[in-house]
Amino acid sequence: MTEPTIPPLRTSARYRPGALEYLALGLIVLVIGQRWLVDLFDIPALQTGATVFVAIMIQATPFLLLGVVLSGAIAAFVPASFWRRVLPKNNALAVPVAGAAGALIPGCECASVPVANGLMARGVTPAAALAFLLSAPAINPIVMVSTFVAFPGEPELVLARFVASLLTAVVMGWLWLRFGKGEWLRIGPRTHLIGSSSFHTFRLTATHDFLHAGGYLVIGAFAAAAINVLVPPAVMNTVAENPFLAIGAMAALAILLSICSEADAFIVASFTEFSSTAKLTFMVIGPMVDLKLISLQAGTFGRAFAVRFAPTTVVIGIAASLIVGWVLLT
Amino acid sequence: MRRDVQAIILLLLGGAVLRVTWSDAYLNYVREGMRPFLFISAGLLLAFGAMAMVDAIRQLRTPAKVVAVDGLENDDAHDHDDHDHDHGAWSAWLLLLPALAIFLIAPPALGAYSVARETTNAIPPAEAQAPPLPPGDPVEVTLSDFVGRAVWDSGLTLQDRQVRMTGFVTPNPAGGWWLARLSIACCAADAIGTRIQVQGAPILPANTWVTVTGAWTPGGGTMSADAIPILVSSSVDVVPEPRNPYE
């Protein structure tokens, strides 16, 4: 009990003289300057960017909350022994089991980051938690149904999406098992989030995770809004005409647009110029790697993790899409 | 980050979500089906914020316990000191941005600017042959239904029919204006625009909402995603923005 008392004193000394006062002052200045702010946002491009930014935040907030409530519940109400019971002891086997479990839980990518973090903090092997992190937003029932609706008459695309996404998630889990290093991953034993009761623990964990991940979601939403305004749609259409560029372009687009996995099928269905395999690549990469996810992962697991994990996932995801696309879509 | 500041951020964000959901402004950003989830989210944020505020007040009242209670939330002070230290603290501040954007700017629904940037207009519909239009003279249709029929059905189902559509004015750089409407699959980030060239109508400023009655006429092109069909208008009425600006 002696150790933890030192850092709070240090932070207290630094923050006491004003976080709250600065916040109050800032809010007063903003409220007074509101007219000027509104005028500033009268420029159509800025206004469009602001709308897209708020839209992504409004759309993602319920899903992020669902994720932090789940992760809080995992921390507070599910004993660590539960995971040892349900997951195979053999880690190489636990990876596909966890990956397939992603098909059962309806959530989106914003929710799965705190959940995976919570699983790791509860002693689930990181490889299995990462397989779940990648597969849950990509192959859950809601996503499968929306893909089916977005591509009427092309059920093979739904199957291809399921297979390619699960394949990517499991391969990534195994790669982590073989080459991953624990030091890249920052999962603090969350002793500081243990409260006076189960409910208190739940509340502290959920609040902490929301504030932490939410800020990174803001960065991602901001970047996606900026790209939405800055990149002319005409540029995309030119790229689509080149079949070699198209697959890379679709992967890049999935990363830059940062669309929720529940909605991405509807978007990609509108890119009529692209081949089925290029569309599949978009739907495999999108739920696993995009601007808001990279930002969320960097915030949750640390930068060292994100710079390795995201590019590897892109490579494996493209490879899986090409293979599955070649087998199922031609 | 201090507990009271945490509480204020949560309360502001919860208040912002509640405000857009209550006032129907959420329809400028997301689909109608999100409403119950947004209410639940606002409730959760306000509850978490209120409980954090109670913690903060209790902390003030019992100064002896300050250190112990404070230790609960100084997450970065503990084990991952060496990596990105203040990270949790500063990233949470960013959550003020969406709350302030909602309270101070209240960004409107996407409009003419977004439509004018798009190059494609007509996504091939699911069915090759659209069913006949429902009865009615004029018959109310959505813009995407009209464009789908005009472009991918060679206008067969639109012949000799008067249609009525509601959308906003988007100036056509080549002259005249398009009647336009955006549709969203999930949120405004994925909005896709639909345009129809209106003939025989007075020039109106961009983003004016109008209800146009008229008849389809060939000449806008068919069987191409770039085709913009033409409507010869018989009446154009300026109307208020509909409750849901997207279709």
Check your understanding: Considering the stretch B:215-235 alone, what residues qualify as being of a type in the set (Gly, Ala, Ser) and assigned to a strand (DSSP E or B)?
Key -> B:215, B:233, B:234, B:235
Review point. Any idea which of B:101, B:106, B:112 is at positive phi and modelled with pLDDT of 90 or more?
Key: B:106
Review point. Of all residues in the stretch A:194-208 being touching a Gly at 6+ places or on another chain (Cβ under 9 Å), within 10 Å of chain B (Cβ to nearest Cβ) and not hydroxyl-bearing (Ser, Thr, Tyr), which is farthest from residue A:78 (Cα to Cα)?
Key: A:208
Check your understanding: Limited to the stretch A:190-204, what total is found for residues that are of a type outside the set (Gly, Ala, Ser), out of contact with any helix residue (DSSP H, G or I) (no Cβ under 7 Å at 6 or more places or on another chain) and at pLDDT below 85?
Key -> 1
Exercise for review: Can you tell me which residue within the stretch A:39-49, out of those that are out of contact with any helix residue (DSSP H, G or I) (no Cβ under 6 Å at 6 or more places or on another chain) and part of a helix (DSSP H, G or I), is surrounded by the fewest Cβ atoms within 10 Å (Cβ to Cβ)?
Suggested key: A:39
Point to revise | Check on residue A:64, at the interface with another protein chain (Cβ under 10 Å from one of its Cβ atoms), in a helix (DSSP H, G or I), modelled with pLDDT under 85 and under 27 Å from residue B:183 (Cα atoms) | key: yes
Practice item. Go through the stretch A:232-258 and give me each residue that's over 20 Å from the mean Cα position of the chain (by Cα), within 10 Å of another protein chain (Cβ to nearest Cβ) and not in a helix (DSSP H, G or I). Key: A:232
**Study point:** Selected residue [surrounded by fewer than 18 Cβ atoms within 10 Å (Cβ to Cβ), hydrophobic (A, V, I, L, M, F, W, C) and under 30 Å from residue A:264 (Cβ atoms)] from B:165, B:223
**Key:** B:223
Practice item. Go through the stretch A:270-294 and count every residue that is within 10 Å of chain B (Cβ to nearest Cβ) and crowded, with 22+ Cβ neighbours inside 10 Å. Key: 0
Check your understanding: Residue check: is residue B:150 within 14 Å of another protein chain (Cβ to nearest Cβ) and farther than 30 Å from residue A:298 by Cα?
Key -> no
Check your understanding: Which numbered condition trips up residue B:111, out of (1) buried (at least 17 other Cβ atoms within 10 Å of the Cβ); (2) touching a Ser or Thr at 6+ places or on another chain (Cβ under 7 Å)?
Key -> (2)
Study note, to complete from the structure: Residues in the stretch B:1-21 that are of a type in the set (Lys, Arg) and within 7 Å of another protein chain (Cβ to nearest Cβ) total 1
Check your understanding: From the set of residues in the stretch B:22-57 that are at the interface with chain A (Cβ under 7 Å from one of its Cβ atoms) and more than 24 Å from the chain's Cα centre (by Cα), which is surrounded by the most Cβ atoms within 10 Å (Cβ to Cβ)?
Key -> B:48
Check your understanding: Looking at residue A:121, is it modelled with pLDDT under 90, surrounded by fewer than 23 Cβ atoms within 10 Å (Cβ to Cβ) and within 21 Å of residue A:294 (Cα to Cα)?
Key -> yes
**Study point:** Tabulated pairs, the stretch B:1-25, first assigned to a loop (DSSP other than H, G, I, E, B), second modelled with pLDDT of 95 or more and polar (S, T, N, Q), C-beta under 7 angstrom, 6+ apart or interchain
**Key:** none
Exercise for review: Test each condition in (1) closer than 19 Å to residue A:312 by Cα; (2) touching a Ser or Thr at 6+ places or on another chain (Cβ under 6 Å) for residue A:193 and report the one that comes out false.
Suggested key: (1)
Point to revise | Residue, surrounded by the fewest Cβ atoms within 10 Å (Cβ to Cβ), within the stretch B:117-149, restricted to residues that are hydrophobic (A, V, I, L, M, F, W, C) and modelled with pLDDT of 90 or more | key: B:139
Exercise for review: Test residue A:156 against the stated conditions and say whether it is away from every other protein chain (no Cβ under 13 Å) and acidic (Asp, Glu).
Suggested key: yes
Check your understanding: Is it fair to say residue A:149 is more than 12 Å from chain B (Cβ to nearest Cβ), surrounded by fewer than 21 Cβ atoms within 10 Å (Cβ to Cβ) and either under 25 Å from residue A:125 (Cα atoms) or in contact (Cβ under 8 Å) with a residue 40 or more places away in the chain (or both)?
Key -> no
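The values are calculated or read from the model by the stated rules, or taken from the named source; none is laboratory data. Keep in mind that this is a model prediction, so the values were computed, not measured. Glycine gets a Cβ as well: all are built from the backbone with ideal geometry, and neighbour counts include every protein chain shown.
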